[in-house]
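What follows is a single structure, written as structure tokens, with notes after it.
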């Protein structure tokens, strides 16, 4: 393969990656726990956008359960985000596994 072609392909990939990073704020996913009693919405920049807790999930005598539900919902949302980012990275790279492009994926 021609080294100039490789360089051009890498430059194209870099441009696509920069565009994808700009679009991360537009990706949103929702995680839930307790059968939907707690939901958490997260964007592609891993910012929590919204937390919704159903009234029946709030028991003042069992705060630990509510904490566990919130924690589980956040982790669920982050797993959903990880899957969404993997799918976008696969589309971006044409299925190539490029180390370090998306750490943690």
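The values are calculated or read from the model by the stated rules, or taken from the named source; none is laboratory data. Values in this document were obtained by computation on a predicted structure and should not be read as measured data. Methodologically, a virtual Cβ is constructed for each residue, glycine included, from the backbone with ideal geometry; neighbour enumeration extends over all protein chains shown.
Within the stretch 43-57, identify whether any single residue is surrounded by 15 or more Cβ atoms within 10 Å (Cβ to Cβ) and within 19 Å of the chain's Cα centre (by Cα), and answer yes or no. Break it down into steps so the answer makes sense when it comes.
Narrowing the stretch 43-57 to residues surrounded by 15 or more Cβ atoms within 10 Å (Cβ to Cβ): 43-44, 53, 57.
From what is left, the residues that are within 19 Å of the chain's Cα centre (by Cα) are 43-44.
Checked against the condition, which is being surrounded by 15 or more Cβ atoms within 10 Å (Cβ to Cβ) and within 19 Å of the chain's Cα centre (by Cα), the stretch 43-57 yields at least one hit.
Are any residues in the stretch 20-38 more than 15 Å from the chain's Cα centre (by Cα) and in contact (Cβ under 8 Å) with a residue 12 or more places away in the chain, and if so, which ones? Outline the logic, then answer.
Step one: list which residues in the stretch 20-38 are more than 15 Å from the chain's Cα centre (by Cα), which gives 33-38.
Once the filter is applied, which keeps residues that are more than 15 Å from the chain's Cα centre (by Cα) and in contact (Cβ under 8 Å) with a residue 12 or more places away in the chain, the stretch 20-38 yields 33, 34, 36, 37, 38.
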**Report entry** Flag for residue 17 being under 17 Å from residue 89 (Cβ atoms), at pLDDT below 95, within 21 Å of the chain's Cα centre (by Cα) and not in a helix (DSSP H, G or I)
**Finding:** no
Requested in this report: Could you list all residues from the stretch 26-41 that are crowded, with 18+ Cβ neighbours inside 10 Å and closer than 16 Å to residue 87 by Cα?
Outcome: 29
Query raised in the report: If residue 98 satisfies every condition in (1) part of a helix (DSSP H, G or I); (2) at pLDDT below 90 but one, which is the exception?
Result: (1)
Report summary line: Output for Cβ contacts, cut-off 7 Å, separation at least six or different chains, first residue more than 18 Å from residue 47 (Cα to Cα) in the stretch 77-105, second modelled with pLDDT under 60, reads 89/101; 89/102; 89/105
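Going by the conditions given, is residue 81 under 19 Å from the mean Cα position of the chain (by Cα) and either at pLDDT below 95 or more than 24 Å from residue 26 (Cβ to Cβ) (or both)? Don't jump to the end; show me each part of the working.
On the way: under 19 Å from the mean Cα position of the chain (by Cα): yes; either at pLDDT below 95 or more than 24 Å from residue 26 (Cβ to Cβ) (or both): yes.
Judged against the criteria, residue 81 is a match.
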